[in-house]
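Working notes, beginning with the structure itself.
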């Protein structure tokens, strides 16, 4: 009985000391934060209270104010909750992220897909099937190349295009393959013309890229070189034909002699 009482007493002392230590640390942190705030060393910014996906509208329950070191405040950070009203997220926002102007867009700027486009870019949708759509493995945010087939020739016409949406889904948490009927890609105006022209005049195929593959390998192209023409052989010098002098054989007895005859 005495042993049990002693054990309970020791545990009570240990828990009491631990609680006092934690309370003291918390009070010190609050005191330091209040002192830093009084000295003007912190700035109040708006941070995400929950995880937000691209295109999600910002509601009051999604954000909160937080004091951080003034030296850590990023450019364009929101400093009041009113600035986050009637805004949507352009990128993935995670809990604790500081909200900045470049990562938000007004609700009135059209559909949620339009706010995901970078300045100067366009969204073009192409029809796909289970083969063209890489067997359903395409997800929003992937990067693809466009292969164009005409007749018996295939070539890459566009590279490193961003997938904005598959069917009508702009974001997904699933990694399972899903067959889709359309894929929306982010392109510039010139790429948009080439993509529409390729899909109209032949057959296109989407090639999924590695997300870390920013540079394309250098492909060595061998140009066709014309065979060297043989150098013409020099014309032979004209032969000078000299007239042969006429001779007759003069035989006297057993001797023979050639005598020239003048023409």
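Quick one: would you say residue 79 is in contact with a strand residue (DSSP E or B) (Cβ under 9 Å, 6 or more places away or on another chain) and at pLDDT below 80? Before the answer, list the steps.
Details: in contact with a strand residue (DSSP E or B) (Cβ under 9 Å, 6 or more places away or on another chain): yes; at pLDDT below 80: no.
In short, no.
Does at least one position in the range 62-73 carry a residue that is at pLDDT 80 or above and either in the same structural domain as residue 162 (by TED's automatic domain parsing) or within 27 Å of residue 164 (Cα to Cα) (or both)? Looking through the range 62-73, at least one residue is at pLDDT 80 or above and either in the same structural domain as residue 162 (by TED's automatic domain parsing) or within 27 Å of residue 164 (Cα to Cα) (or both).
Quick check on the range 3-25. Is at least one of its residues within 46 Å of the chain's Cα centre (by Cα), modelled with pLDDT of 80 or more and over 30 Å from residue 164 (Cα atoms)? Write out each step before concluding.
Step one: of the range 3-25, the residues within 46 Å of the chain's Cα centre (by Cα) are none.
No.
What residue, among those in the range 73-84 that are part of a loop (DSSP other than H, G, I, E, B) and touching a helix residue (DSSP H, G or I) at 6+ places or on another chain (Cβ under 8 Å), is surrounded by the fewest Cβ atoms within 10 Å (Cβ to Cβ)?
Step one: list which residues in the range 73-84 are part of a loop (DSSP other than H, G, I, E, B), which gives 73-76, 78-80.
In the following step, the residues that additionally are touching a helix residue (DSSP H, G or I) at 6+ places or on another chain (Cβ under 8 Å) were identified as 76, 78.
Details: 76: 12, 78: 22.
My answer is 76.
Of the residues 115, 47, which single one is in contact with a strand residue (DSSP E or B) (Cβ under 8 Å, 6 or more places away or on another chain) and in contact (Cβ under 8 Å) with a residue 60 or more places away in the chain? Let's see the steps before the verdict.
Values: 47 fails: in contact (Cβ under 8 Å) with a residue 60 or more places away in the chain.
Just a single option satisfies the conditions, and that option is 115.
When 88, 46 are checked against the criterion of being part of a strand (DSSP E or B), surrounded by 13 or more Cβ atoms within 10 Å (Cβ to Cβ) and modelled with pLDDT of 90 or more, a single residue qualifies: 46.
The values are calculated or read from the model by the stated rules, or taken from the named source; none is laboratory data. Quick caveat: nothing in here was measured; it's all calculated off a predicted structure. Because the Cβ atoms are built from the backbone with ideal geometry, glycine has one as well, and the counts that use them run over all protein chains shown.
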